[in-house]
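Just so it is clear, none of the values below were taken in a lab; they were calculated from the coordinates. Since we're looking at a predicted model, the values are computed, not measured. Cβ: placed from backbone, ideal geometry, glycine included. Neighbour counts: every protein chain shown.
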Amino acid sequence: ERCDVIWKNNHKNKLIMIYILVFTPKLGEIACRVMRTAKKMGVRSVAVYSDADRHSMHVAMADEAYHIGPAASQLSYLSMEKVLEVAKKSGSHAVHPGYGFLSENTEFAEACKDAGIIFIGPPSSAIRDMGIKSTSKHIMSAAGVPIIGGYHGDDQSNERLQAEAAQIGYPVMIKAVRGGGGKGMRIARSEKDFLEQLESARREARKSFNDDVMLVEKFVEDPRHVEVQVFGDMHGNAVYLFERDCSVQRRHQKIIEEAPGPGISAEVRRRLGEAAVRAAKAVNYVGAGTVEFIMDAQHNFYFMEMNTRLQVEHPVSEMITGTDLVEWQLRVRDRTLHQQRSHLFRITEIPNSSELVPVCSRIHLSTPAADQSTRIETGVREGDEVSAHYDPMIAKLVVWGEDRAAALKKLRYCLRQYNIVGLNTNIDFLLSLSSHPEFEAGNVSTSFIPQHYADLFPAPRAPSGATLCQAALGLVLQEQSSTHRFTQQSNDPFSPFGSSGGFRLNLELSRNMSLQLGDKSKSLKLFHVTGEVESEGGASFLHCSVNGVKSRPKIVILNNTVHLFSMEGSAEVALPVPKYLAGVSGSGSQGGAVAPMTGTIEKVFVKAGDKVEAGDPLMVMIAMKMEHTIRAPKSGVIKRVFFSEGSQANRHAALVELEEEEEEEQAQ
């Protein structure tokens, strides 16, 4: 077998050790993934890290790690000069770019070649041809790959793009020509909102790709998003490793990937794979790549784009084919393929709400155990802090099953074993999604979430009385433990003021405790609820009995909030903050909008004195590489704007002070 990309023979026909430089897109998740395969192959790894990632998991895993700059990606992970400087300094022979950042950067691939360093990816010509969507459409059409018509021209004026959209017919998709990962994409459903969506797409494209050139295409209503994993070698050969269905998306971000695609016939699967191979061969592709298609209800499919890198969801294809694509990347070789069934869910840092907005914090977590049918890929550990500077994905859960029903059952079982405190996540949403009858039946499209919105985002249920008793018991036991530790350190260990036993002369102990459930407070009277806290494997479990019913939930108490986890679900119960300590919320104190996450203010649309209606855009924030529009919560007059463009706003910070018009008139 030839391994021309990585392994080099010296004059004694012995393999020279290769150092692979990996850096940290996606909070280091892919860096850790590449390092595991490198370690298996006996290849040493070198990592780079920014200020924000100094204590990250990928830094600890690497054989060597080098600091390359501040948290801002433009000054660290996107700096080609700094990355190549580390590659040379460390003696690295090859660079694995992972995904994100410089992984699809033509100039970086060429710079590696010029420096005599192997770029583990396709040739720069393939990245260039497929990276510019207008160019790739022409190449695909010539190669016989079906495409959707649209405008891919050089005239980027607002007037020309709007005229082309009108000629194509609404709705249209506006895309950055160098886009990917859902960035720089917007749907304009009418001429009225075209310019707003165009400007929003341009801003996000400039931020993500430093290029705001756009194309406009007809938007296919309710399509499926199906992609094909391909792999090419150094000799002009290419193979496909079946398709993945990733139709269920939020803000053009994939939530679940499934392989093979549900309901796709063997004939369509063959045609998909052959079209993807034609696409790869048309640009002399080498290594792992993904050809993405839009598929309509009749299973007609059209080329959308090619990701010229290892894709986030590559483990799904690995699970059904028994392959290690990272090893293939390093060795560039072929092997026998076979097909089974696999799902991948992205565990991301977003609240289980209709907004799905990321927040940032230090985490406490436990995860399902990995086995032959369960794979977990992550770049964070217990105690790590998730930064707002990079992507919100904190883990990938991949499960395999003999059939779709078995894989979904395993998936739901594993999701319930995720216990995460310190972050709001999408786990409850994923449980709702994977249990939905239409999803179980394989009836998916890119409109799945809006079509089933009410089912996927149900109103939160109040915890049961038993759960409230468990939370109260946990707080009482924590109080006793704290009192005991204090007493042991005091000069008077027998002081009655250091006793938490609850002894009363001629009276039975009765205690009232108020618990906070969201915006509501509830009182419980506790009489001899029994239990104790047990430690096991670094976690705490509440072994308790409520009304004779025994249970053993996992318990985490953080900042006066009790988090309970069991296979039936999770609950969060807090102690009310005393009024003398409670600060008024940002939205209440200022009567305006607050930052839903920590991020950078990209655009400010209003100034003091402006009148706004409810829903009007106030600001645009950039957090975790995504653009978020902050809108007015009510009609009124802007009294003050607290942040300027380019400044950093923390989560829950008041952004503007908004005065209702009625209040202003009364004041006059």
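Determine the gain in length on full extension of the stretch N210-E440; use 0.36 nm per residue of separation and subtract their C-alpha separation, reporting nm with one decimal.
Roughly 78.8 nm would be gained on extension.
Arranged by the count of other C-beta atoms within 10 angstrom, fewest first, what order do E217, E385, E568 take?
The fewest-first ordering by Cβ neighbours comes to E568, E385, E217.
For E659 and E196, FRET efficiency with R0 = 22 Å and r from the beta-carbon atoms, rounded to 0.05?
0.30
Per 10 Å bin, what percent of the C-alpha pairs of segment 220-282 does each bin hold, from zero upward?
21, 46, 28, 5
So which of K192/K607; K207/K254; K183/K607; K183/K409 end up more than 22 Å apart by C-alpha?
K192/K607; K183/K607; K183/K409
For every other residue with a beta carbon closer than 9 angstrom to the beta carbon of M61, add +1 if it is Lys or Arg and -1 if Asp or Glu, then tell me the sum.
Taking every other residue near M61 into account, the sum is +1.
Can you give the FRET efficiency to the nearest 0.05 for T530 and A462, using r as the Cβ-Cβ distance and R₀ = 30 Å?
0.80
In nm, give the distance between the simple-model label positions of A614 and T135, each being 7 Å from the Cα along the Cα-to-Cβ direction.
Here the answer is 5.0 nm between the modelled labels.
Which net charge results when you count Lys and Arg as +1 and Asp and Glu as -1 among the other residues whose beta-carbon is under 13 Å from that of A111?
Counting the neighbours of A111, the net charge comes to -2.
Which of the peptides 368-377, 35-44 is most tightly packed, and how do the rest follow, judged by the mean count of other Cβ atoms within 10 Å per residue?
Ranking the peptides 368-377, 35-44 by packing returns 35-44, 368-377.
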